[in-house]
Every structure is written in C-alpha cells, then in structure tokens.
Amino acid sequence: MNQIEYKNYQMEWRKKNKDYIKKCRHQYYLMNKNKAREQSLKWKKNNKKRYKKLMVDWIERNREKLRLYHQEYRKRNKDKLFQIGQRYREKNKNRELLRHRNERQQIKLIALIKYSKNPPECICCGEKELSFLTIDHIRGGGTRHRKNIKTGIYRWLKKMNYPRGYRVLCMNCNFAIGIFGFCPHQNLNLKRRAKNEIIKNK
Ligand SMILES: [Zn+2]
Ligand SMILES: [Zn+2]
C-alpha cells in the first residue's frame, strides 16, 4: 500500500465509522473534560475569525432547530422568565418612566413649536415655561375633544399632521378664557395701551 492508497483507505474508514469516531471522541471528551475544555478555549482564542464563521454557519444550518429549542425553552421556563422580566422591569422602572416622559415632552414641544414659534410661548402673555403651556382649541370644545381622543392631544395632533384651529396658551390664560371668555391680560394690555396713548397724547 503506498501513501496515497493508505490515505484513501483512511478516509474510507472514517466515512464508514463516523458514528464510532463520534462516540470515541465523546468518550474522550467525557474522560478529559477539563483538558478538552481548556484546549477548546485556547483554540477559540487563537482562531477567533474561524470560530466565528463556524458558529455563524452552524446557526444558519440549525436555524429551525434552534427556533424550536427556544420555543420549547420559553414554554418550559415560563415562570422563571416572567420573574426575570419582572425583576428587570422593577429595576428599570424609573428609566422606563423617564424615557416615556422624555418622549411625551418631545412630542409636546414639537406640537407647541408648530402652533407657536421656537421657543414656544403663550400667545396672550408671552409665558415661556414649557410646563405651563398647553394647546388651546380656538373654537372651544377642548374638554370634549380631549375625552374623545384616547392618545392625548399632542400625539393626536401629530397623527393628524397638525391641523389648523389650535393655538398655544399658558394655563392661566387658558383657564381665564375658559371661565370668563377673555383673559384679564388682554384687559390689562388694553388698559396699558390706553394709558400709553394718553401719555403720548399729552
Ligand atoms: Zn398666558
Ligand atoms: Zn393672558
């Protein structure tokens, strides 16, 4: 038997005894677990790129199997996973809240700028503090409208692409207009204007 023949023979033998080799390897692995693990770690470290490619290929080949496995795992560990999720949610509650609040504030700010200027202000008194500013329905009916839309006014305005009929007012002016039908500011402004005019005319 020359070298090539021997090689071919070896290959044939390996092909024929695949399962046996596998078994032997596994046996060896079980007997030398720590050593094998160490070796495999070493190999992984030295062949990072090849290892990654192998892993990617393996995942690609076993996609369906993995999906089923994960599905099964989730089913089996429902309670455990729920608890982990619960713990995570508990831990990140504040962060979640903050994220939601930031998002809401962002949407509000955009709406206020759309109906005012940048930075937005109360059309009546010029108040600039964002937490005092609201959107006012020019023709009234705001409360009813707010009740009808479930998403909140700013989100709704965004969804409707900022329709006409709204303006920015501060809480004070909004409240006064709602109750008296006009804002005392305007009275004041008128008085001041009248006074100025009187002074000017003197
Ligand atoms: Zn105002
Ligand atoms: Zn006012």
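The values are calculated or read from the model by the stated rules, or taken from the named source; none is laboratory data. Owing to the predicted nature of the structure, the values given are computational and were not obtained by experimental measurement. For neighbour counting, all protein chains shown are included, and Cβ atoms are generated from backbone atoms with ideal geometry for every residue, glycine included.
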Exercise. For the range 151-175, how many residues are assigned to a helix (DSSP H, G or I), at pLDDT 90 or above and among the β-branched types (Val, Ile, Thr)?
Worked result: 0
Problem set entry | In the range 113-143, the residues that are aliphatic (A, V, I, L, M) and within 16 Å of ligand 2 (Cβ to nearest atom) | 123, 133, 135, 138
Exercise. Does residue 146 meet the test of being outside any helix (DSSP H, G or I), surrounded by fewer than 18 Cβ atoms within 10 Å (Cβ to Cβ) and modelled with pLDDT under 90?
Worked result: no
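Please state which one of 151, 134 is closer than 14 Å to residue 173 by Cβ and among the β-branched types (Val, Ile, Thr).
Matching residue, one of 151, 134: 134.
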Exercise. Can you name the residue in the range 149-158 that is surrounded by 10 or more Cβ atoms within 10 Å (Cβ to Cβ) and more than 15 Å from residue 109 (Cα to Cα) and, of all such residues, is farthest from the chain's Cα centre (by Cα)?
Worked result: 149
Problem set entry | Condition check for residue 99: farther than 28 Å from residue 183 by Cα and of a type in the set (Lys, Arg) | yes
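I'd like to verify a number: residues in the range 84-126 that are within 16 Å of ligand 1 (Cβ to nearest atom) and among the basic types (Lys, Arg), how many?
Filtering the range 84-126 for residues within 16 Å of ligand 1 (Cβ to nearest atom) gives 112, 115-117, 119-126.
Filter once more, keeping what is among the basic types (Lys, Arg): 117.
Count: 1.
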